[in-house]
Amino acid sequence: MKPTPAATRQATKRQQIAEALRASFRIEGIQVSAEQAQAALRKVEASLGKASA
């Protein structure tokens, strides 16, 4: 089963956000792995979901 174009766009956008998050940490001198960036993004998304509920 192929992902829908919307799901592909969303996954691409999430990847871009995670990379930007890693870059911002790198600017501050903090090294984070891709997995850590993805986990941080999930926490932010969960927090935003709770705030809008």
task = Among Ala34, Ala46, Ala20, flag the residue with its Cα farthest along the positive direction of the charge dipole of the chain, charges on Cβ as +1 for Lys/Arg and -1 for Asp/Glu.
result = Ala46
request  = With only Lys, Arg, Asp and Glu charged, each at its Cβ (+1 for the first two, -1 for the last two), find how big the charge dipole of the chain is about the Cα centre; round to the nearest 20 debye.
outcome  = 200
key: Given [x] 5, 21, 23, 18, 13, 10, 6, 3, 1, 0; [y] 4, 19, 20, 22, 19, 10, 5, 1, 0; [z] 4, 16, 10, 10, 9, 8, 8, 7, 7, 6, 4, 4, 4, 2, 1, the label whose value is P(r) over Cα pairs in 5 Å bins from 0, in percent derived from this model   = [y]
message = Using a Cα-Cα cut-off of under 19 Å, which lysines could be cross-linked to Lys2, ignoring same-chain neighbours fewer than 8 residues away?
response = Lys13
query = Quick one: helix 34-52 against the long Cα principal axis of the chain, what's the angle to the nearest 10°, folded into 0 to 90?
reply = 60
request  = Excluding Thr8 itself, calculate the net charge of residues whose Cβ lies under 15 Å from the Cβ of Thr8, where each Lys or Arg counts +1 and each Asp or Glu counts -1.
outcome  = +4
task = Quickly estimate the mean residue ellipticity at 222 nm for the chain, helices only: each DSSP H run with n ≥ 4 gives -39500 (n - 2.57), and the total goes over all residues, rounded to 500.
result = -27500 deg cm²/dmol
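A short reminder: the numbers here are calculations on the coordinates, not readings from a lab. A quick note: this is a predicted structure, and the numbers were derived from the prediction, not measured. Every residue, glycine as well, gets a Cβ built from its backbone with ideal geometry; the counts of neighbours run over all protein chains shown.
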